[in-house]
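The values are calculated or read from the model by the stated rules, or taken from the named source; none is laboratory data. In this text the structure is predicted, and so the values were computed from the model without any measurement. Please note: Cβ atoms are built from the backbone with ideal geometry, for glycine as well, and neighbour counts cover all protein chains shown.
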Amino acid sequence: MSHSKTRTAKIIDRRHFLKTGVVAAVGSAAAGSGVFAAGESSADPKPITTRSFGKTGRELPILAYGGAGLPKVWGNPLSTEDRVKLVRYAYDRGVRYFDTAGNYMESQTLLGEGLKDVRKDVYLVTKVETTDPAKVRGAVEKSLGELQTDYLDAILIHGTPGLEQMTVERAMEVHAELVKLRDEGIAKFIGLSAHSYFDKALACISTGGFDLCMLSYGYLPRGYNQLFSPRMVELRNACVAKAHELGMGIAAMKVVGGGVLGAWSGYVVPGFEKRRLKQLPAAAIRWALDDERIQLLVIGMRLPEEIDANITTLSADVTYTTDDRALLTEYCAKAYDSDAIKAMKID
């Protein structure tokens with residue numbers, strides 16, 4: 001692999017994107033922009049469409065907040081104070097499902113601070129990364145402290161690190177420890193997440209022991225740092241089918257391809273018409289929601305205008321159109337020919 005391809009690939013990995021300098025430029029622009037003015041509030045927002053979240057019995061707005069959009073090193077340009085305000089801004093705009101993980105740096109602390117006085121009104125979810133069942137309780141207790149809560153609406157076995165690094169048998173041993181925490185009232189529901197490795201995810205889902213799952217599910221078949229092979233796409237689809245059959249809550253992540261169809265689209269395909277680049281995220285969102293089995297979209301949002309844009313999309317007609325299809329087809333054809341995509345591994 002050439003040095004050029006390696007460097008370009010980092011553009012579409014949020015955990016390395018800062019190294020390209022692009023986020024640094026965004027950050028310097030945002031730092032002095034007064035992102036949150038005193039007393040600022042959104043103007044008469046329309047309610048976000050809701051869907052029933054599987055066997056949890058909760059009716060939730062379909063836009064969920066992905067806490068991976070909060071860490072500084074993963075590209076959020078805001079100050080600590082403004083990131084706490086960003087969490088609260090999402091809540092004030094109607095978002096109720098908040099997702100994070102034990103290894104998302106300062107994400108849990110920021111969510112805990114931003115939501116502590118509305119805790120009973122939100123659906124709070126975190127994940128455990130440990131592959132050692134003996135360390136599960138300690139990891140969850142740490143998360144509870146950072147989130148400033150004494151219970152979780154759901155606790156997930158993380159995808160990676162987590163399920164990807166374990167056998168199915170070991171994952172079920174971790175699951176057994178989560179069951180103990182659920183029985184104690186520390187977590188209401190148990191789930192799993194998967195960026196890829198859908199063979200393992202399907203085996204876990206098929207046990208019937210999980211209440212919800214979060215799966216990479218977008219027009220661009222991308223996981224954490226890979227593209228799906230045709231086999232993995234089929235396994236992903238089988239996960240969705242089985243989870244739906246079992247009445248599980250199904251949340252989609254990587255809806256905008258980890259930023260390829262969103263914040264980083266212009267860097268992946270330079271020269272693509274800017275007006276149409278702005279239309280990509282909404283088209284990708286409508287593609288995902290065209291599958292009515294998908295009940296939540298977990299999207300990492302770094303700025304208030306990103307929250308506003310997604311809510312505008314989800315407060316309107318979300319019918320997937322022929323124009324959406326044409327735009328996604330044209331853009332992704334160019335993206336697949338880019339060094340950024342060519343440098344990604346195929347799983």
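Please state which of the following conditions Leu152 fails to meet, knowing it meets all the rest: (1) crowded, with 19+ Cβ neighbours inside 10 Å; (2) out of contact with any Ser or Thr (no Cβ under 9 Å at 6 or more places or on another chain). Of (1) crowded, with 19+ Cβ neighbours inside 10 Å; (2) out of contact with any Ser or Thr (no Cβ under 9 Å at 6 or more places or on another chain), only one is false for Leu152: (2). Residues in segment 231-267 that are in a helix (DSSP H, G or I), surrounded by fewer than 24 Cβ atoms within 10 Å (Cβ to Cβ) and of a type in the set (A, V, I, L, M): Met232, Val233, Leu235, Ala238, Val240, Ala241. Glu164 satisfies every condition listed in (1) touching a strand residue (DSSP E or B) at 6+ places or on another chain (Cβ under 7 Å); (2) under 29 Å from Phe228 (Cα atoms) except (1).
Confirm whether Pro221 is more than 16 Å from Gln295 (Cα to Cα) and over 19 Å from the mean Cα position of the chain (by Cα). It is false that Pro221 is more than 16 Å from Gln295 (Cα to Cα) and over 19 Å from the mean Cα position of the chain (by Cα). In segment 122-159, what residues are of a type in the set (Asp, Glu) and closer than 23 Å to Ser216 by Cβ? If the condition is that a residue be of a type in the set (Asp, Glu) and closer than 23 Å to Ser216 by Cβ, then Glu129, Asp153 are the ones that fit. The number of residues in segment 48-61 being assigned to a loop (DSSP other than H, G, I, E, B), touching a residue at least 60 places away in the same chain (Cβ under 8 Å) and within 19 Å of Leu156 (Cα to Cα) comes to 2.
Consider Thr329 carefully, then state whether it is at pLDDT below 95 and assigned to a helix (DSSP H, G or I). No; evaluated as a whole, the condition is false for this residue. Can you find even one residue in segment 108-115 that is among the hydroxyl-bearing types (Ser, Thr, Tyr) and either more than 18 Å from the chain's Cα centre (by Cα) or buried (at least 24 other Cβ atoms within 10 Å of the Cβ) (or both)? Taking every residue of segment 108-115 in turn, none turns out to be among the hydroxyl-bearing types (Ser, Thr, Tyr) and either more than 18 Å from the chain's Cα centre (by Cα) or buried (at least 24 other Cβ atoms within 10 Å of the Cβ) (or both). If we keep just the residues of segment 72-107 that are hydrophobic (A, V, I, L, M, F, W, C) and surrounded by fewer than 20 Cβ atoms within 10 Å (Cβ to Cβ), which is farthest from Ser193 (Cα to Cα)? Once the filter is applied, the top-ranked residue is Val73. Every condition in (1) closer than 20 Å to Phe189 by Cα; (2) in contact with a Leu (Cβ under 6 Å, 6 or more places away or on another chain) is met by Lys142 except one, and the failing one is (2). Considering segment 217-230, the residues that are in contact (Cβ under 8 Å) with a residue 12 or more places away in the chain and not in a loop (DSSP other than H, G, I, E, B) include one that is surrounded by the fewest Cβ atoms within 10 Å (Cβ to Cβ), namely Gln226. Scanning segment 83-113 for residues that are part of a helix (DSSP H, G or I) and farther than 15 Å from Leu303 by Cα turns up Gln108, Thr109, Gly112, Glu113. None of Phe189, Phe198 is touching a Ser or Thr at 6+ places or on another chain (Cβ under 7 Å) and either surrounded by 24 or more Cβ atoms within 10 Å (Cβ to Cβ) or modelled with pLDDT of 95 or more (or both) except Phe189.
Taken as a whole, the condition of being hydrophobic (A, V, I, L, M, F, W, C), at pLDDT 95 or above and either surrounded by fewer than 19 Cβ atoms within 10 Å (Cβ to Cβ) or under 28 Å from Val125 (Cα atoms) (or both) does not apply to Ala43. Scanning segment 240-299 for residues that are at pLDDT 95 or above, small (Gly, Ala, Ser), under 23 Å from Gly94 (Cβ atoms) and touching a helix residue (DSSP H, G or I) at 6+ places or on another chain (Cβ under 6 Å) yields Gly249, Ala252, Ala282, Ala283.
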